[in-house]
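Engineer: Below is the structure I would like to discuss, written out as structure tokens.
The values are calculated or read from the model by the stated rules, or taken from the named source; none is laboratory data. None of the values given here were measured: they were computed from a predicted structure. Glycine also receives a Cβ, built like all others from the backbone with ideal geometry; neighbour counts cover every protein chain displayed. Please note that ligands, DNA and RNA were not included when accessible areas were found on the heavy atoms of the full protein model with its side chains. Shrake-Rupley method; radii C 1.70, N 1.55, O 1.52, S 1.80 Å.
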Amino acid sequence: MQEKIKEIAARVREMREISEIPVKEMAQYLQVSEETYQNFENGNEDIPASILFEIAHKLHVDMATLLTGE
């Protein structure tokens, strides 16, 4: 399971970087601390579904894309 969490986290980071959205901006959008957001992206914390949904919205991608990479 930890491997899947890290894969999703890596996709989130990649999509955020492609979209040129700073960590600080994303954390503020999600109403979490920068540290918490970075823990999500590093795979240190599982990303709650509600947060993943908001990330997908901010990045203008389908949530399935973040989950599966397809």
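Engineer: If the requirement is being modelled with pLDDT of 95 or more, within 14 Å of ALA10 (Cα to Cα) and open to solvent by less than 70 Å² (accessible area, probe 1.4 Å), which of these qualifies: ALA27, ALA56? Explain how you work it out, then say what you get.
Structural biologist: Numbers: ALA27 fails: within 14 Å of ALA10 (Cα to Cα).
Exactly one residue qualifies, and that residue is ALA56.
Engineer: Kindly indicate the residue of the stretch 1-44 that is assigned to a helix (DSSP H, G or I) and in contact (Cβ under 8 Å) with a residue 40 or more places away in the chain and also farthest from the chain's Cα centre (by Cα) among those meeting that condition. Reasoning before the result, please.
Structural biologist: Our first condition is that a residue be assigned to a helix (DSSP H, G or I); within the stretch 1-44, this holds for 2-18, 23-30, 34-42.
Checking which are in contact (Cβ under 8 Å) with a residue 40 or more places away in the chain leaves us with 2, 5, 7-8, 11-12, 15-16.
Values: GLN2: 15, ILE5: 10, GLU7: 11, ILE8: 7, ARG11: 7, VAL12: 4, MET15: 8, ARG16: 8 Å.
The extreme case among them is GLN2.
Engineer: On to the next question. Mind checking which residues of the stretch 60-70 are open to solvent by less than 70 Å² (accessible area, probe 1.4 Å), over 9 Å from the mean Cα position of the chain (by Cα) and in contact (Cβ under 8 Å) with a residue 24 or more places away in the chain? Break it down stepwise before answering.
Structural biologist: First pass over the stretch 60-70, keeping only residues open to solvent by less than 70 Å² (accessible area, probe 1.4 Å): 61, 63-66, 69.
Adding the requirement that they be over 9 Å from the mean Cα position of the chain (by Cα) leaves 61, 63-65, 69.
Residues satisfying the conditions are VAL61, THR65, GLY69.
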